[in-house]
1. Taking the criterion of being at pLDDT below 90 and surrounded by 14 or more Cβ atoms within 10 Å (Cβ to Cβ), would at least one residue in the stretch 90-104 satisfy it?
2. With the checklist (1) closer than 28 Å to residue 280 by Cα; (2) modelled with pLDDT under 95; (3) surrounded by fewer than 13 Cβ atoms within 10 Å (Cβ to Cβ) in hand, flag the one item residue 311 doesn't pass.
3. Could you look through the stretch 381-402, keep only residues that are free of Cβ contacts under 8 Å to residues at least 60 places away in the same chain and in a helix (DSSP H, G or I), and pick out the one that is surrounded by the fewest Cβ atoms within 10 Å (Cβ to Cβ)?
4. Mind counting the residues in the stretch 343-377 that are surrounded by fewer than 22 Cβ atoms within 10 Å (Cβ to Cβ) and assigned to a loop (DSSP other than H, G, I, E, B)?
5. I want to confirm something. Restricting to the stretch 115-136 and keeping residues that are touching a strand residue (DSSP E or B) at 6+ places or on another chain (Cβ under 7 Å) and farther than 19 Å from residue 151 by Cα, which single residue is surrounded by the most Cβ atoms within 10 Å (Cβ to Cβ)?
6. Could you list all residues from the stretch 184-198 that are out of contact with any strand residue (DSSP E or B) (no Cβ under 7 Å at 6 or more places or on another chain) and modelled with pLDDT of 95 or more?
7. When the stretch 131-167 is examined, which residues are found to be touching a helix residue (DSSP H, G or I) at 6+ places or on another chain (Cβ under 8 Å), within 21 Å of residue 325 (Cα to Cα) and assigned to a loop (DSSP other than H, G, I, E, B)?
8. If the requirement is being at pLDDT below 95, surrounded by fewer than 23 Cβ atoms within 10 Å (Cβ to Cβ) and within 19 Å of the chain's Cα centre (by Cα), which of these qualifies: 142, 181?
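The values are calculated or read from the model by the stated rules, or taken from the named source; none is laboratory data. Everything numeric here is computed off the predicted structure, so don't read it as measured data. FYI the Cβ positions are ideal-geometry reconstructions off the backbone, even for glycines, and counts take in every protein chain you see.
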């Protein structure tokens with residue numbers, strides 16, 4: 001007789017006999033005993049409303065395909081979304097290289113695979129170092145937010161201080177990650193974030209910054225271009241003010257902009273962070289997009305890195321070898337005694353970014369940066385001509401800019417809904433996170449947008465705003 005109890009087809013240890021064997025080996029009668037440390041208030045005791053089990057692969061495949069087919073992707077629509085994950089072109093060779101088994105499958109492999117992988121990682125750190133103008137670059141962490149969090153904790157250890165100044169207009173998701181890194185069970189060990197307001201041009205207000213700097217300040221963090229796309233023309237003054245207060249300067253950068261913008265090292269940054277997603281990595285959700293940390297090659301910084309560091313050595317026979325350095329201070333080398341925990345990392349994306357940077361080279365980065373600037377400003381000019389629509393801030397911007405729809409009497413949500421019905425993803429809605437900007441949205445224009453795409457956007461916006 002069928003008891004109705006079946007093993008889950010994709011979880012072999014769910015078979016009753018195997019579960020009993022596991023419990024017997026552990027010396028417990030019920031699995032419940034394994035979770036005794038979880039407080040009763042944190043447990044879910046109600047019946048979980050799950051759909052019927054799918055007992056075959058064909059059923060599961062059809063079910064998942066039906067769910068995924070409901071998605072609307074940036075590949076199938078004209079998209080102007082940005083704000084931390086941008087639609088850049090990924091050359092086919094990037095996918096080809098990262099799909100090779102020697103890169104796709106090993107994390108820690110044999111000495112021979114480690115040698116080749118370490119060389120590829122060394123190329124990544126060397127190329128990225130050329131972009132940002134720093135000699136030391138760690139292997140990538142999970143995201144830009146994680147990189148900022150680590151860098152802030154580095155600054156706190158370096159200075160012995162526990163207050164960090166950050167921009168008022170900062171990516172809310174990135175800020176949430178930073179706050180998580182700065183929190184602590186012991187309030188005395190937490191790092192306090194203090195907002196610096198923006199001026200009329202959407203960049204840091206230098207007067208407000210000066211008033212907030214003190215002997216408590218461990219670091220000043222700002223982005224260039226910033227979250228609203230604006231270029232921080234006062235970057236050197238910000239770094240000088242931080243240095244005068246004994247604080248570190250941490251600068252977040254979009255590496256794709258460094259073909260046309262000065263590297264952070266040139267205007268006084270101590271630590272640079274940012275995302276490597278623009279460097280040959282597809283847009284995705286639910287996984288790490290890669291964040292980097294870079295600095296001068298000085299002992300005080302080197303010994304505070306929580307990330308894996310890669311280096312090169314030459315033998316007496318003139319042979320080159322690649323390997324890890326300062327391994328002991330990472331969580332890989334010292335576990336909980338390491339400088340910080342770097343568990344979820346994105347080392348495969350380092351390979352893709354190395355391929356991308358090698359393909360472009362210095363001239364390619366310059367041409368790409370100039371193209372993005374031209375197309376973004378062309379789009380802003382078209383949008384600014386629409387009745388009731390204003391492009392905020394007069395300063396220069398890179399690939400993103402703020403569009404204010406307050407004058408149309410419509411909300412950003414309504415406009416974006418109407419755009420979606422016409423096959424266009426409008427900009428990122430800023431109205432909830434930053435009510436001081438009104439019904440504003442962040443538009444992103446990259447090399448994937450043609451002049452015809454931008455003309456279509458402007459024409460469609462004119463249509464939906466008039467209704």
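1. Among the residues of the stretch 90-104, at least one is at pLDDT below 90 and surrounded by 14 or more Cβ atoms within 10 Å (Cβ to Cβ), which makes the answer yes.
2. Tallying (1) closer than 28 Å to residue 280 by Cα; (2) modelled with pLDDT under 95; (3) surrounded by fewer than 13 Cβ atoms within 10 Å (Cβ to Cβ), residue 311 fails exactly one: (3).
3. Here is the first cut: in the stretch 381-402, the residues free of Cβ contacts under 8 Å to residues at least 60 places away in the same chain are 381, 384, 390-391.
Add one more test, that the residue is in a helix (DSSP H, G or I), and what stays is 381, 384.
On the way: 381: 12, 384: 14.
Within the stretch 381-402, the match that is surrounded by the fewest Cβ atoms within 10 Å (Cβ to Cβ) is 381.
4. 2
5. Within the stretch 115-136, the first condition is being touching a strand residue (DSSP E or B) at 6+ places or on another chain (Cβ under 7 Å), and the residues that meet it are 115, 118-119, 121-122, 125, 128-129, 132, 134, 136.
Now restrict to residues that are farther than 19 Å from residue 151 by Cα: 115, 118-119, 121-122.
Numbers: 115: 13, 118: 17, 119: 16, 121: 23, 122: 19.
Of everything passing the filter in the stretch 115-136, 121 is surrounded by the most Cβ atoms within 10 Å (Cβ to Cβ).
6. Here is the first cut: in the stretch 184-198, the ones out of contact with any strand residue (DSSP E or B) (no Cβ under 7 Å at 6 or more places or on another chain) are 184-190, 197.
Hits for the stretch 184-198 are 190, 197.
7. Residues satisfying the conditions are 133, 134, 135, 138, 139, 140.
8. Numbers: 181 fails: at pLDDT below 95.
None of the others qualify; the one that does is 142.
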